[in-house]
Amino acid sequence: MSTKIKLGILGGGGDSLIGELHRVAAKMHDHYEIIGGVFNPDHKISLEFGKKIGLDQNRIYKNTEELIEQESKLDPSQRMQAVSVLTPNFLHFPMAKLLLENDFHVICEKPLTTTYNEALELKKIKEKKNAVFAVTHTYTGYPMVRQMTKMISDGIIGNIQKVDAQYLQGWLNPVIHEKDKRSSTWRLNPKQSGSSCCLGDIGTHAFNMVELVTGMKVDKILADLNTLYDDNPMDIDANILIRFPNNAKGTIRSSQIATGEENNIQINVYGSKGALKWKQENPNYLYHLTDDKPLSVLKPGHAYNSEISLDGTKLPPGHPEGIFDAMGNIYKGAARAIKNMPFEKVEFPPIEDGVRGMDFIEKALESNSNGNIWVKLNN
Ligand SMILES: NC(=O)c1ccc[n+]([C@@H]2O[C@H](COP(=O)([O-])OP(=O)(O)OC[C@H]3O[C@@H](n4cnc5c(N)ncnc54)[C@H](O)[C@@H]3O)[C@@H](O)[C@H]2O)c1
């Protein structure tokens, strides 16, 4: 009998941005078999897409409720065990809640929910059910991010004194200046996106990266957000000051109107003995800076990397791996957890990271609307 995890997918259809990334990533390490799902709210389109990717038409359902009802009737050897939630943000909470309550493991896109309270509720159900829950902060799966995290926790750069994170995109620039365009994209519609656009879509990735690589929790933030037009209710640009409990300070700058930028997420961490710098658009280079030695550049797959970084590469050095591989590593980590195999904490972002992300969003909005004041996170 196959030991592959039977995986369902909600959202991520042929019309989506993120679906193919998840499908390829899920198949990458031979841990999962995609069984079916709901790929589109229109059942006909969903069926057509399921057929195109070679799935059994009987496992393409009309909605989450039908998926749960029908899958639950199946013999455990056939039943879906885990479901990926890849829909617009407002559907993450109701879908993930139903899945957890009915004993499915969940792999969910970020932002976890549309409110902090929903995120807490999901965490409570997840704990009660003892399910595996991964939040796909994709960039955490890169081998050089894992290496950076390990080097910082090993004290290679000493005590952290400054953190500078950015996530700059420009895709919204051609949309935002035309009223009909800005009122028709779901990311700028609070009903579908939640209370935030820029912070929910990309700021949470930068925040998650900051807390992952430093191993520290942000204590307070001060946010200055921009909506650009009065009829746009959503943040599309964010400049945020951050403070850690140990007096280290830093910034998270994220924007969707940084004209011409593509997917420029970067993180620089400066310590008392050195610094590490990593940039997503060139993900196979990790820069190590010190006061007294020439710059050194670490690359994936070499024996000098940590075990957890090496676990994230599949080919010998010099064969560039990228975003598909990073997501593949997250799926691999979640599979190990689902199969009760040993795994390390950094292998996939847990539900707690999703909850932190929602707290970050709400506190940034609070800071901004109260005149850019310092607000404490729920640590
Ligand atoms: N991890 C990342 O780096 C990353 C990147 C992009 C998007 N995302 C996240 O992924 C999610 C999806 O984003 P996207 O850009 O792919 O969106 P999208 O609008 O391109 O695609 C959404 C998909 O969900 C489907 N869908 C909508 N309602 C549905 C329903 N009721 N049932 C089933 N399917 C439904 C749509 O048909 C479509 O296939 C968002 O939460 C977004 O924040 C994450």
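The values are calculated or read from the model by the stated rules, or taken from the named source; none is laboratory data. Remember, predicted model here, so these are calculated numbers, not experimental data. In this analysis, Cβ positions are derived from the backbone assuming ideal geometry, glycine residues included, and neighbour counts consider all displayed protein chains.
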Condition check for L67: surrounded by fewer than 22 Cβ atoms within 10 Å (Cβ to Cβ), more than 19 Å from the chain's Cα centre (by Cα) and more than 8 Å from the ligand (Cβ to nearest atom)
no
Which numbered condition N239 fails, given (1) free of Cβ contacts under 8 Å to residues at least 40 places away in the same chain; (2) assigned to a helix (DSSP H, G or I); (3) of a type outside the set (D, E, K, R):
(2)
Please state which of the following conditions K299 fails to meet, knowing it meets all the rest: (1) over 26 Å from T114 (Cα atoms); (2) in contact with a strand residue (DSSP E or B) (Cβ under 7 Å, 6 or more places away or on another chain); (3) buried (at least 16 other Cβ atoms within 10 Å of the Cβ).
(2)
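Tell me whether region 128-141 contains one or more residues that are free of Cβ contacts under 8 Å to residues at least 12 places away in the same chain and either within 26 Å of F90 (Cβ to Cβ) or not assigned by TED's automatic domain parsing to the domain that holds N282 (or both). Write out each step before concluding.
First, pick out the residues of region 128-141 that are free of Cβ contacts under 8 Å to residues at least 12 places away in the same chain: 128, 130.
Subset that is either within 26 Å of F90 (Cβ to Cβ) or not assigned by TED's automatic domain parsing to the domain that holds N282 (or both): 128, 130.
Within region 128-141, one or more residues are free of Cβ contacts under 8 Å to residues at least 12 places away in the same chain and either within 26 Å of F90 (Cβ to Cβ) or not assigned by TED's automatic domain parsing to the domain that holds N282 (or both).
What residue, of T114, T87, is farther than 20 Å from I35 by Cα, among the β-branched types (V, I, T) and within 14 Å of the ligand (Cβ to nearest atom)? Reasoning before the result, please.
Numbers: T87 fails: farther than 20 Å from I35 by Cα.
Of T114, T87, the one residue that is farther than 20 Å from I35 by Cα, among the β-branched types (V, I, T) and within 14 Å of the ligand (Cβ to nearest atom) is T114.
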Condition first: among the aromatic types (F, W, Y), part of a strand (DSSP E or B) and farther than 23 Å from M358 by Cβ. Now tell me which residues in region 155-202 satisfy that.
none
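Quickly run through region 34-62 and pick out the residues that are closer than 13 Å to V83 by Cβ and of a type outside the set (K, R).
I34, I35, G36, G37, V38, F39, Y61
Have a look at E366, E344 and point out the one that is under 19 Å from the mean Cα position of the chain (by Cα) and without any contact (Cβ under 8 Å) to a residue 60 or more places away in the chain. Quick ask: steps written out before the conclusion?
Numbers: E366 fails: under 19 Å from the mean Cα position of the chain (by Cα).
The unique qualifying residue is E344.
From the residues in region 90-111 that are without any contact (Cβ under 8 Å) to a residue 60 or more places away in the chain and in contact with a strand residue (DSSP E or B) (Cβ under 9 Å, 6 or more places away or on another chain), which one is farthest from the ligand (Cβ to nearest atom)? Talk me through it step by step, then tell me what you get.
Step one: list which residues in region 90-111 are without any contact (Cβ under 8 Å) to a residue 60 or more places away in the chain, which gives 92-94, 96-103, 106.
Narrowing the set further to residues that are in contact with a strand residue (DSSP E or B) (Cβ under 9 Å, 6 or more places away or on another chain) leaves 92, 96, 99-100, 106.
Details: H92: 6, A96: 11, L99: 13, L100: 17, V106: 13 Å.
Top of the filtered list is L100.
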In region 11-59, the residues that are more than 12 Å from the ligand (Cβ to nearest atom) and assigned to a loop (DSSP other than H, G, I, E, B):
M28, H29, D30, H31, I53, G54, L55, D56
Write out, first by first residue and then by second, each pair whose Cβ atoms fall under 7 Å of each other, whose residues are 6+ apart or on separate chains, and whose first residue, in region 184-200, is under 13 Å from H92 (Cβ atoms) while the second is hydrophobic (A, V, I, L, M, F, W, C).
Q192/F90; Q192/W186; S193/W186; S193/M234; G194/F90; G200/I361
